Every structure is written in structure tokens, then in C-alpha cells.
Amino acid sequence: MSLTLHQQVLRKIPRVDEILSRPEMVDLLKVYSRNVIVEAIRKGLRQLREDLLRRKDFSQFGDDFFSFERLYPIFQKEVALQIQPRLRQVINATGVVIHTNLGRAPLHPSALKHLMDISKTYSNLEYDIEFGKRGSRYTHVEEILCRLSGAESALVVNNNAGAVLLVLNTLAEGKEVIVSRGELVEIGGAFRIPDVMKRSGASLREVGTTNRTHLNDYQKAIVAQTALLLKVHTSNFRVMGFASEVSLEDLVQLGKQHQLPVVHDLGSGCLIDLTQYGLEREPTVQEMIRTGVDAITFSGDKLLGGPQAGIILGKKKWLDLLKTNPLTRALRIDKLTLAALESTLLLYLDEKKAMEEIPTLRMLSLDTKKLKRRGRRLQKRLEGITNQKITLTLREDVSQVGGGALPLQELPTMVMALGPSDFSVNQLEENLRRGDPPIISRISKEELILDMRTVFDEEVPLLAAGIEKVLTKIAASKEPPA
Ligand SMILES: *Cc1c(COP(=O)(O)O)cnc(C)c1O
């Protein structure tokens, strides 16, 4: 019996062609393609059907439940969802500056402009303007990289994992690479150094223990099959206490004695000594090059503050070999990245300017006074909604660098803590995350934490509006139905 009632109710669902003939839909068809609109209608109707089947009591559905007027906004929303890209801007209120899941380094405006100029039309990507013949895409950034780092030669590829793969494949395929057990890192996203090494065709010779590795551990492991000594920056963790590692200088010495190249995967790679700005010591790229290391690799989108890229610097004789490896073609950097990378690197010609203007570096060096000012601006905008059952507290906290850089560095920051009293903090977090634009925050105890460090000044109004919208929505859902 209930089945027939079911059927009766389901029969009230309008048909697609019926809906399509409505004047409102005819208007929509002038703007969007038929296939987008039909898909939106189908999705809207599917929702309606599922909604109906989920309910037990069908008597409550009057005809207006099926009315076009009620359904039209659903179709509109479905159209909007289809034409909106899935990859979208979010507000990072986590305080993690180099957040891999949120796209790592935001780019400097000059990098964005260069990227647009180069991609809008044609460029001299692989064309030598001087001589009117074929050129190489790799030459554009080589000179600036060598100048900034002091290296003899440079090569850029798709990302640092690719750089490590390329170096090992070129210099150690079918041979052994010696690496310390204490440096077999997993970077996140399940990128493990040992796995990449295997794919390169090199075999891994682990030496030392998790916490201690000595120079003679490397020494004893050197055999005829050895092709390379590798050092990996333990970028996202530290071994504390009874620990020791071999310095790059000592490893370079050992390599020289045995005529073996020494390679260092630096991970983040920073061109500026950050201790001058009150941050922890992270060896700079220049210092590493000065040790006489054969090659170093690092990411373009970590501390450097540029686009995703793998930067390889070092001795010309090794880099020339890398450049002729067919894998280089498979890992090649694209022109948009190259443009953004070149412009980012040019900013480093003036270190002070780089520190002030490159978004990652600027965010890292923000002091609590500036962050407090940003927090106050947010607070002002939120004060209008104090009738809500929520407390707003602007207070001190700490933020993290992220991205496998300076793992122990605690950056004093200012956060806006939201303490809801008659709904859960999880509900608040989820609604903010699902908002437009999505606001990514963190929860600490019973509060929602919005870290001011990674929120851009121009995002403050959006952030306030997003919070207000969510609070209004939650309040409305609590009101008893009229
Ligand atoms: C981040 C990191 C990588 C990977 O770099 P991607 O640019 O993300 O490919 C490799 N090695 C170390 C030590 C890292 O910190």
C-alpha cells in the first residue's frame, strides 16, 4: 500500500522537458548550453527523488513541494556548480605558511604578471632571439640561479622529487648510493626518499642508525659499486638528544678522496639567512654550494616562495650529464612555471625587497604588532554580530612554517579564537570550510582558531563576511519552524 502512495508522490515530479519549456529556463538557455542545463535539471530532480524516498510520511508534501518556483533555485545552483572550477581559491587561516595541501607558496604579483604575459601569446621559450635559431628553455633562469647561489651550473625541472630522481638516475643507475638511515625521510603525500631512489635504478646502501651516523659509516660502505654519496635534509623532523650526523663538508671531503660525487637534497632551500629576521637557522643554498658539493636539489615552492619546481645547482660536469638524460625531457618545467620562477628569482637581487615582498618570506617575518592590527580589523567587522552566542578573543598563539622547513620554529602570532556556546565548534569549522570562499581553520579545545599570519589583508572583509554568513545560517537552522 505504501508503495502505491510512493508511486503517487513520485509521479508528481515534473518531467525534464516540461521544466525546459518554462520561460525562466528558456532565459537560462540563452546564457548556458543546453547540456549544462539538462544536467542541472537531472541533478535537481534526482535530489528531489532521494529526498522523497528518504521520508516515511508522504502526506506532508503539498503540490507546492513540486512547484517550479521551489525547484528553480535548485536548478540555478546546479548550473553554477557545474561551471565553477573545482580547483579554487581558499582562505588559509591555519597559520601554516607553506601548506602543501593548500598549494604551498602564493606568488608575488610580478611572477603572476610574467606568467600571464608569457602564456597569453608567444614567447622565446626555446628560441634564441640573438641568433634567430633554436634555443633552450633551461637557459632563461640558469644565469640568475648561478649568480644568486654561486654555483657553476643550474637546471630546473618539474619539482624536487623529480630533481632527486633525475640526479640519481643520471649518476647512479645500476650502482649504489650511500645514504644515512637517519635521513630516509617521508615528505608527506607518501613521497619517500627510498622509493624514489629505487625508481631511479640506483640501489640504496643505508648506513648508520636512526639517531647516529658517523663519517666512517660512509667510509666503510664505499665499494667498487658505489656511485654517489647522498645527504638528505631532514626537513620535517629533528632527531633530538643522543644524535649525530655527518656534515656536508665532511662528506664532500670523503667524496673527493674516493672520487665520488656528493649530492645534497636540501628540501626547502633558502637563499636568505633567516636568522637576521629572528628565525631559526636553516643553512642557505649559498653556504651549501660553498662546501664544494657536486650538486644540490631543492623545491621552488617552499621557502623560496616561487612556483612548483625542482632546482638543481652544482658542478658543470655533472649538470651537463643531467641535461642530456632523456628523463630531463619527461620532467621538464613548463613555461608558466618558468616565467613565475624567473620573476621570483629576480626579486632576490635585492634581499631586503625579497624579504618584504615575496609572500612566504613576508608572512614568516610578520611581527605580532602587524598581526594584531589585522586581527583588530577582523574584530571590528565581527562586532556587529555580537548578538550571536559566540565569544571572540584576539590573543597570542604560535604558528608553523610548514612545508618541511624549520620544523621546530614556533612563530609568535595573533589568532582570533571563536568560542560558540550553543552549537559545536566542529559545526562551525565545517560550515566555514564549505563556504564560499572556503575558510580553512583549526580547532583547539573548544575553540575555532583563525591565525592572522596567513590571512591576506585583502581577505579580511571576505573572512568576516564568511563568518557572519555561517553564524546566520546556524542561527536560522536553530529557529523552530514557523
Ligand atoms: C619537500 C621535499 C622534497 C620534495 O620536493 P617537491 O618539490 O615537493 O617534489 C624532497 N626532499 C626533501 C628533503 C623535501 O623536504
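The values are calculated or read from the model by the stated rules, or taken from the named source; none is laboratory data. As the structure is a computational prediction, the values presented were derived from the model and not from experiment. Heads up, the Cβs are rebuilt from the backbone with ideal geometry, glycines too, and the neighbour counts pull from every protein chain shown.
Data overview
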{"read-out": "Pairs with Cβ under 7 Å, 6+ apart, first in the range 150-169 and over 20 Å from T139 (Cβ atoms), second assigned to a helix (DSSP H, G or I) and near the ligand (Cβ under 10 Å from one of its atoms)", "value": "A161/V196; V164/V196; L165/V196"}
{"read-out": "Selection within the range 277-293 - within 16 Å of the ligand (Cβ to nearest atom) and either within 23 Å of P407 (Cα to Cα) or not in a loop (DSSP other than H, G, I, E, B) (or both)", "value": "E280, E282, P283, T284, V285, M288"}
{"read-out": "Residue among T170, T234, T209 that is part of a loop (DSSP other than H, G, I, E, B), over 24 Å from V401 (Cα atoms) and β-branched (V, I, T)", "value": "T209"}
{"read-out": "Residue within the range 249-267 that is outside any loop (DSSP other than H, G, I, E, B), more than 16 Å from the ligand (Cβ to nearest atom), in contact with a helix residue (DSSP H, G or I) (Cβ under 8 Å, 6 or more places away or on another chain) and among the charged types (D, E, K, R) present", "value": "yes"}
{"read-out": "Of all residues making up the range 17-38, the number that are part of a loop (DSSP other than H, G, I, E, B), of a type outside the set (D, E, K, R) and in contact (Cβ under 8 Å) with a residue 40 or more places away in the chain", "value": "1"}
{"read-out": "Positions within the range 329-373 being under 20 Å from L112 (Cα atoms), without any contact (Cβ under 8 Å) to a residue 12 or more places away in the chain and in a helix (DSSP H, G or I), in sequence order", "value": "K353, E356, R362"}
{"read-out": "Residue that is nearest to the chain's Cα centre (by Cα), among those in the range 186-237 that are farther than 13 Å from L165 by Cβ, among the charged types (D, E, K, R) and within 13 Å of the ligand (Cβ to nearest atom)", "value": "E186"}
{"read-out": "Residue list for the range 294-328, restricted to those being outside any loop (DSSP other than H, G, I, E, B), within 23 Å of A111 (Cβ to Cβ) and out of contact with any Phe, Trp or Tyr (no Cβ under 9 Å at 6 or more places or on another chain)", "value": "I296, T297, F298, S299"}
{"read-out": "Flag if S235 is touching a Lys or Arg at 6+ places or on another chain (Cβ under 9 Å) and either at pLDDT below 90 or assigned by TED's automatic domain parsing to the domain that holds E410 (or both)", "value": "yes"}
{"read-out": "Residue in the range 110-119 that is more than 12 Å from the ligand (Cβ to nearest atom), of a type in the set (D, E) and in contact (Cβ under 8 Å) with a residue 12 or more places away in the chain present", "value": "yes"}
{"read-out": "Yes/no for E130 being without any contact (Cβ under 8 Å) to a residue 40 or more places away in the chain, of a type outside the set (V, I, T), outside the structural domain of G44 (by TED's automatic domain parsing) and touching a strand residue (DSSP E or B) at 6+ places or on another chain (Cβ under 6 Å)", "value": "no"}
{"read-out": "Residue match in the range 264-280 (condition: buried (at least 21 other Cβ atoms within 10 Å of the Cβ) and farther than 30 Å from P106 by Cβ)", "value": "no"}
{"read-out": "Considering residues of the range 426-449 that are hydrophobic (A, V, I, L, M, F, W, C) and surrounded by fewer than 20 Cβ atoms within 10 Å (Cβ to Cβ) only, the residue farthest from P461 (Cα to Cα)", "value": "I443"}
